[in-house]
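Here's the structure we're looking at; comments come further down.
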Ligand code: SF4
């Protein structure tokens, strides 16, 4: 069986996050191996169509934004062979995907039970929950309940399927789902109800849970955590194979083993986080590697947890803000407000943790006033952060804003422009400094140069004449800053 990793390839050329190896394809491979199949992951760029045999079953793992590349790929495969094509990952949250792409089956949401059931039924999807398929017409089976037994997450450890595994950020799943079961109040017409103020599983108006732009709570449910023992077992296996950078993957790392699974408020589980990160630090030292966390909710982040994280990890924190306007935050269902983000980035700075903050432009509810407040807020957090990441709003299937179009005005572009300007200013702080970089791959245009990444984040560094150092950690002196990357020379 072949699993084609199309994650983040967009329309076919993966330009951003080239150093990321997501957890999904290894999860699928693990399930297949678990029931006795031989499977191989092939990154999209490495797939040679001539090698596909007609008896192969082809799995495609992709995000919604990879639609174009997946459509073309499936067309090409179908021209060559009648292999069965099964599509999964966030792209399959669109229940009508098979009307647009010629695949045979989609797996909607979590694969652990659905795929095992499909295998038991020799890939006949009839009545298999969580699938869609063609049988003269498009059949959409009912969705599957969320996975409660997380011991069924059995990822394959064979990371060597990816040729860049020694320099890439390899994602290890820690938490599945998200605790933000508030609702986007922009959609709520019930002025008397306040059920979702702190998070609720049931909304009388059936508004999808979570931030309006996000599909995680609808697709993956409330936050559940894998056991520490299983997480550490996976990390050890990856490090033993030569992985140098691991990300503890979670929609919000601070949801790890929290008591409140569907409310974003309340306490973090400090003991569980301390224990996991302490063991991670020991492993990182033993294998001369780096282990990082990623997303944290600003409202759950405080000095106590910052102290624990900074004691054990050399990591960047990724904090969602999305809008700098408090009322707009409420309308889109955010668990935290701009004031929480400001407090969080100040704490991060105090504990020497780098912070990157996310914003979205073109969101439903955005207007001149909210955009102005967002721009002002970006300037306010500038002294405490390492980067701003801005995304254009995309209506995601299964999110509550699925039926909205991007609301793009000159004010939206002001948000984008401000982010780029601030990023350039921040990057200039690096000029003249010597930093440790993992040199990952040849530069796509200048063949003598290489592209590398900072060890504690995904910040990109173009290493001049760096080709000969690919796969190594090097001290690099930064000579120039660009808004999206740094430029440097090995010292
Ligand atoms: S639970 Fe639903 S109806 Fe009640 S306030 Fe929240 S969004 Fe409105």
Set 21, 60, 41: member being in contact with a helix residue (DSSP H, G or I) (Cβ under 9 Å, 6 or more places away or on another chain) and either surrounded by fewer than 19 Cβ atoms within 10 Å (Cβ to Cβ) or under 22 Å from residue 444 (Cβ atoms) (or both): 21
All positions within region 133-149 that are touching a helix residue (DSSP H, G or I) at 6+ places or on another chain (Cβ under 8 Å) and in contact (Cβ under 8 Å) with a residue 40 or more places away in the chain: 138, 146, 147
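To keep it simple, each residue is scored yes or no on (1) in contact with a strand residue (DSSP E or B) (Cβ under 7 Å, 6 or more places away or on another chain); (2) not in a loop (DSSP other than H, G, I, E, B).
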position: 13; (1), (2): no, no
position: 25; (1), (2): yes, yes
position: 29; (1), (2): yes, yes
position: 32; (1), (2): no, yes
position: 38; (1), (2): no, no
position: 42; (1), (2): yes, yes
position: 50; (1), (2): no, yes
Count of residues meeting criterion [in contact (Cβ under 8 Å) with a residue 40 or more places away in the chain and within 6 Å of the ligand (Cβ to nearest atom)] in region 186-206: 1
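Restricting to region 24-38, and then to whatever is touching a residue at least 24 places away in the same chain (Cβ under 8 Å) and surrounded by fewer than 12 Cβ atoms within 10 Å (Cβ to Cβ), can you tell me which residue is farthest from residue 152 (Cα to Cα)? Talk me through it step by step, then tell me what you get.
First pass over region 24-38, keeping only residues touching a residue at least 24 places away in the same chain (Cβ under 8 Å): 24-35, 37-38.
Then keep just the ones that are surrounded by fewer than 12 Cβ atoms within 10 Å (Cβ to Cβ); that gives 35, 38.
Values: 35: 12, 38: 19 Å.
So, considering only residues that are touching a residue at least 24 places away in the same chain (Cβ under 8 Å) and surrounded by fewer than 12 Cβ atoms within 10 Å (Cβ to Cβ), the one farthest from residue 152 (Cα to Cα) is 38.
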Residue among 220, 181 that is more than 18 Å from residue 293 (Cα to Cα), modelled with pLDDT of 95 or more and touching a strand residue (DSSP E or B) at 6+ places or on another chain (Cβ under 8 Å): 220
Tally of residues being in contact with a strand residue (DSSP E or B) (Cβ under 8 Å, 6 or more places away or on another chain) and surrounded by fewer than 15 Cβ atoms within 10 Å (Cβ to Cβ) across region 85-101: 2
Output for region 163-177, where each listed residue is crowded, with 19+ Cβ neighbours inside 10 Å and either within 16 Å of the ligand (Cβ to nearest atom) or at pLDDT below 95 (or both): 166, 167, 168, 169
Test for residue 215: is it modelled with pLDDT of 95 or more, touching a helix residue (DSSP H, G or I) at 6+ places or on another chain (Cβ under 8 Å), more than 30 Å from residue 282 (Cα to Cα) and away from the ligand (no atom under 16 Å from the Cβ): yes
One residue from 149, 136 being in the same structural domain as residue 105 (by TED's automatic domain parsing), over 27 Å from residue 44 (Cβ atoms) and over 19 Å from the mean Cα position of the chain (by Cα): 136
Which numbered condition residue 483 fails, given (1) touching a residue at least 40 places away in the same chain (Cβ under 8 Å); (2) touching a strand residue (DSSP E or B) at 6+ places or on another chain (Cβ under 9 Å); (3) within 27 Å of residue 171 (Cα to Cα): (2)
Residue 443 vs. criteria in contact (Cβ under 8 Å) with a residue 40 or more places away in the chain and over 24 Å from residue 362 (Cβ atoms): no
Test: residue in region 264-272 that is crowded, with 21+ Cβ neighbours inside 10 Å, outside any loop (DSSP other than H, G, I, E, B) and away from the ligand (no atom under 16 Å from the Cβ): no
Test result for residue 320, out of contact with any helix residue (DSSP H, G or I) (no Cβ under 7 Å at 6 or more places or on another chain) and more than 20 Å from residue 456 (Cβ to Cβ): no
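The values are calculated or read from the model by the stated rules, or taken from the named source; none is laboratory data. Remember, predicted model here, so these are calculated numbers, not experimental data. Every residue, glycine among them, receives a Cβ derived from its backbone with ideal geometry; neighbour counts consider all protein chains shown.
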